[in-house]
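Engineer: Below is the structure I would like to discuss, written out as structure tokens.
Laboratory data are not the source of any read-out in this text; all were calculated from the coordinates shown. Nothing here was measured: the structure is a model prediction, and the numbers come from that model. All Cβ positions, glycine included, derive from the backbone under ideal geometry; neighbour counts span all protein chains shown.
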Amino acid sequence: MDLGCGTGAGTFALLARFPEAEVTAVDSSADHLRRLREKAEASGAGGRVRTVRADLDAAWPGLGAPGLVWASASMHHVADPARTLRKVHELLMPGGLFAVVELAGFPRFLPEGGPEERPGLEERIHAASDRHHAALMPHRGADWDPKLTAAGFCLGGAPRLMPV
Ligand SMILES: C[S@@+](CC[C@H](N)C(=O)[O-])C[C@H]1O[C@@H](n2cnc3c(N)ncnc32)[C@H](O)[C@@H]1O
């Protein structure tokens, strides 16, 4: 299952990595899901993908009992991560795996302090973006380990942290 799948970067990676598997792709955006379905049909994988439109902050539809849930850059979007993580824990089949990818911050594109003609431009943009997102997405950049253990998960796997 790809939770908060967007247009399916994770979905298609999962399909390629697990050629026998079916993937349920879940997102609140009808546009993202439509694009994902178009790509799945075009690549011949349409029969292995189920798209489900759902708001993870509301009541969840039946999503089955996946063996693997992948959530990339989506958990910081939900209003109540503790509730969402508990729901994922309930959903997974016993012994299942929950793979979470989250951001410590936005990637940098310019050298530190640059560019020459506008020194510190990217730092100012990041600061403005952080201020904007602080209210909208207070869980972006959070430490997810304690949230995961509180929801009942055992932590494992590597890497735990990757530089952005
Ligand atoms: C930053 S995108 C990540 C997309 C994809 N996982 C990726 O790695 O490319 C976050 C996704 O979460 C979805 N999302 C945000 N809030 C959601 C919610 N409450 N319920 C379901 N999906 C949500 C958005 O529509 C968006 O597709």
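Engineer: Can you give the extra length, in nm with one decimal, that the chain gains between ARG124 and GLU22 once fully stretched, where that is 0.36 nm per residue apart less the Cα-Cα distance?
Structural biologist: Stretched fully, the ARG124-GLU22 segment lengthens by 32.4 nm.
Engineer: If you don't mind, another one. From the P(r) of region 1-93, can you give the percent of Cα pairs sitting at distances over 19 Å?
Structural biologist: Details: 1440 of 4278 pairs.
When all Cα pairs of region 1-93 are counted, 34 percent exceed 19 Å.
Engineer: Jot down the per residue volume, in cubic angstrom and as a whole number, of the convex hull over the alpha-carbon atoms of the chain.
Structural biologist: Here the figure is 144 Å³ per residue.
Engineer: To continue, here is another question. What ranking do THR84, THR7 get, fewest neighbouring Cβ atoms within 10 angstrom at the top? Please report the intermediate quantities before stating the final value.
Structural biologist: Working: THR84 23, THR7 19.
Fewest-to-most Cβ neighbours within 10 Å comes out as THR7, THR84.
Engineer: Could you work out the longest stretch of the chain that avoids the trypsin sites (Lys or Arg not before Pro) located in DSSP loops with at most 14 other Cβ atoms within 10 Å?
Structural biologist: Longest run free of exposed loop sites: 1-107.
Engineer: Quick one: TRP70, TRP144, TRP60, fewest Cβ neighbours within 10 Å first, how do they rank?
Structural biologist: TRP60, TRP144, TRP70
Engineer: Using only alpha carbon positions, build the gyration tensor of region 95-146, then give the equivalent ellipsoid semi-axes as the square roots of 5 times its eigenvalues, largest first, whole angstrom.
Structural biologist: Taking √(5λ) for each Cα gyration eigenvalue gives 30, 14, 7 Å.
Engineer: Based on Cβ point charges of +1 for Lys and Arg and -1 for Asp and Glu, what charge dipole magnitude is obtained for the chain about its Cα centre, in debye rounded to the nearest 20?
Structural biologist: In debye, rounded to 20, the chain gives about 340.
Engineer: So how strong a dipole does region 1-60 carry about its Cα centre when Lys and Arg Cβ are +1 and Asp and Glu Cβ are -1, to the nearest 20 debye? Please list the in-between numbers first.
Structural biologist: Working: 8 positive and 9 negative charges, 37 e Å.
That gives a dipole near 180 debye.
Engineer: Going by Cα centres, region 13-28 and region 93-144 are how many Å apart?
Structural biologist: 27
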